[in-house]
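Participant: Structure below; questions to follow.
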Amino acid sequence: MKMNFKTVFIAFVLAVCPAFLFSQNGYQNPIIRGFNPDPSICRVNDDFYLVTSSFEYFPGLPIYHSKDLVNWEQLGHCLTRDSQLPLHKAFASGGLFAPSLRYHDGTFYVICTNVSGGGNFFCTATNPAGTWSDPVWVDIESIDPDIFWDEDGKTYFVTQGGEGIRVTEIDIKTGKTLSPEQLVWGGIGHRFPEAPHIYKKDGYYYLLLGEGGTEYAHSATIGRSKYLYGPYESCPLNPILTHCNRIGQDNLIQGTGHADFIQAGDGSWWIVFLGFRVTQRYAYYHILGRETFLAPVDWPKGGWPQINGNGTVSLNMDVPTLPLHPFEKRPLRTDFDERQLGFEWQYLRNPARENYSLTDRKGYLRITASPYTLNETEAVSFVARRQTEYDFSAETLLEFNTSADNEEAGITLLQNNTHHYELLIKKTGEQHVVQLRISVGSLFYIAAEKTIASNKVKLKIDGSPFQYSFSYSESNSNQYHELGKMDTRYLSTEVAGGFTGVMIGLYVSSNGKPSTAKAYYDWFDYKTEK
Ligand code: 6LW
């Protein structure tokens, strides 16, 4: 063939075209924003499914779906019935710890631990959107369970257990253990070897761990063996993922670890893992909880996996992706016109269903007071969504039918039962007031109070990395008055502890006394740049 400029050009275009057609550049981390830790992932053909931890919140274990690993939509939750998820008196950051999501022989499995009741279990479904089976309980005391199906047809339960990772054969129908638990690997000696996942590749069993604890020293490490029960050889690159080193020290993402690998249909390898976004370099506070991140993996045949080159990631990832498949954005406004709340709304513990209605007054969310306060580990009258960005604005229109001084309703920023800020309305004598109230550990005070003309008010919280600003508006105009500001840091995990992130909640309490006071929320807006 004669090679003129035209044929060379056409040959060049044909050679590079598939790359243009099938891969795109760049994405933003985190891929699932706001408190969504301990991600676990599986793939069925071109569809990826992912689950994250949900602790004392109900329903439990959000299930997400993606076509490209970058864009995710929530399909529902794994645990939607009280019978599946007992959370009675679950303490903050109790309930559901790290789940695993697997697909085997046409069935989806979620494997998890309810530390507030029941321990280890797995549920099954043929559709990951639900419905999921009742839990099959597994009589092994530990956390971070996974199931591994070996090529010999046997099924193994893999968990964290003190000194390291334990493996036990189980009966997948009944959950009964068929062999004694065996310690197989302790990782590289960093504290809390946990979060195990096993992968069979190129004749090796690869055992992926989280190590270092889920704070700033977090990491992912990996070992491999020709035999399931070991001995496991440690990867020379360990830890294969961490920001607890010189390369990661300036990064706005910290605490990377607790991971799961996935291979896409095109053969490329990826890893999902948790990390947290700190408010500022060297100012070590984070309030959004641990979120889900993504990185590309180079995993050559017979070799070790390398994560994004040097085991660190950034907010803006300048790497090729799968062909992007974004989903329609959720509307900014929740109108409370639907018959059910969207998947983003969460209760604390098993909700007293009679305290919530979307039909009592059409177009409103009605919440009836509970005598419990937000400080109690009870079924408080409260429904919330995650704070997903440092910069946001949340606003609601509230009408509160109250007759007694002990009753209050409003909007709260809740990190846990001992760390939360409220913008609330209540009656004092014949007057209605709006209050800004702060609970930080045993410190509790009313930061500001103003008299308002009626029981109907708009409440607004504006978030930024260091401060929340609280305002109210009495008229139907958008004229807001700022009631006060509070530092974000007292709601951070560094101050409050625990495994969750800040939730933005609508709540009603009658502070220990019986009551039938009702709050009617007309709408709720949540705005972010993302
Ligand atoms: C989880 C453990 C961890 O069980 O935190 O980061 C615990 N890793 O693996 C709760 O999310």
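Participant: Would you point out the residue of the range 197-218, among those that are touching a Lys or Arg at 6+ places or on another chain (Cβ under 6 Å) and more than 12 Å from the ligand (Cβ to nearest atom), that is farthest from Phe157 (Cα to Cα)?
Facilitator: Asp202
Participant: From Thr221, Thr256, Thr242, Thr214, which residue is touching a Pro at 6+ places or on another chain (Cβ under 6 Å) and either among the hydroxyl-bearing types (Ser, Thr, Tyr) or in the same structural domain as Leu288 (by TED's automatic domain parsing) (or both)?
Facilitator: Answer to the selection: Thr221.
Participant: Further question: Please state which of the following conditions Gly175 fails to meet, knowing it meets all the rest: (1) buried (at least 21 other Cβ atoms within 10 Å of the Cβ); (2) outside any strand (DSSP E or B); (3) more than 16 Å from the ligand (Cβ to nearest atom); (4) of a type outside the set (Asp, Glu).
Facilitator: (1)
Participant: Moving to a separate point now. Across the range 499-527, what is the number of residues that are in contact with a Ser or Thr (Cβ under 9 Å, 6 or more places away or on another chain) and open to solvent by less than 40 Å² (accessible area, probe 1.4 Å)?
Facilitator: Number satisfying all stated conditions: 20.
Participant: Okay, next question. Under the condition of being among the small types (Gly, Ala, Ser) and open to solvent by 10 Å² or more (accessible area, probe 1.4 Å), which residue from the range 91-115 is nearest to the ligand (Cβ to nearest atom)?
Facilitator: In this case the residue turns out to be Ser93.
Participant: Right, next: Hey, any hits in the range 219-231 for a residue that's among the hydrophobic types (A, V, I, L, M, F, W, C), touching a residue at least 24 places away in the same chain (Cβ under 8 Å) and within 12 Å of the ligand (Cβ to nearest atom)?
Facilitator: Yes, because at least one residue in the range 219-231 is among the hydrophobic types (A, V, I, L, M, F, W, C), touching a residue at least 24 places away in the same chain (Cβ under 8 Å) and within 12 Å of the ligand (Cβ to nearest atom).
Participant: Next up: Could you tell me whether Pro351 is farther than 30 Å from Gln249 by Cβ, open to solvent by 60 Å² or more (accessible area, probe 1.4 Å) and in a loop (DSSP other than H, G, I, E, B)?
Facilitator: no
Participant: Which of the residues belonging to the range 148-171 are under 28 Å from the mean Cα position of the chain (by Cα), in a loop (DSSP other than H, G, I, E, B) and farther than 16 Å from Thr113 by Cα?
Facilitator: Glu163
Residue-wise test of (1) closer than 20 Å to Thr107 by Cα; (2) more than 16 Å from the ligand (Cβ to nearest atom).
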{"position": "Asn120", "(1), (2)": "yes, no"}
{"position": "Thr126", "(1), (2)": "yes, yes"}
{"position": "Tyr156", "(1), (2)": "yes, yes"}
{"position": "Ala195", "(1), (2)": "no, no"}
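The values are calculated or read from the model by the stated rules, or taken from the named source; none is laboratory data. Bear in mind that the values here come from a model prediction, so they are computed numbers and not experimental data. Here the Cβ is made from the backbone with ideal geometry for all residues, glycine too, and neighbour counts use every protein chain on show. Ligands, DNA and RNA are excluded from the accessible area calculation, which covers all protein heavy atoms including side chains. Shrake-Rupley method; radii C 1.70, N 1.55, O 1.52, S 1.80 Å.
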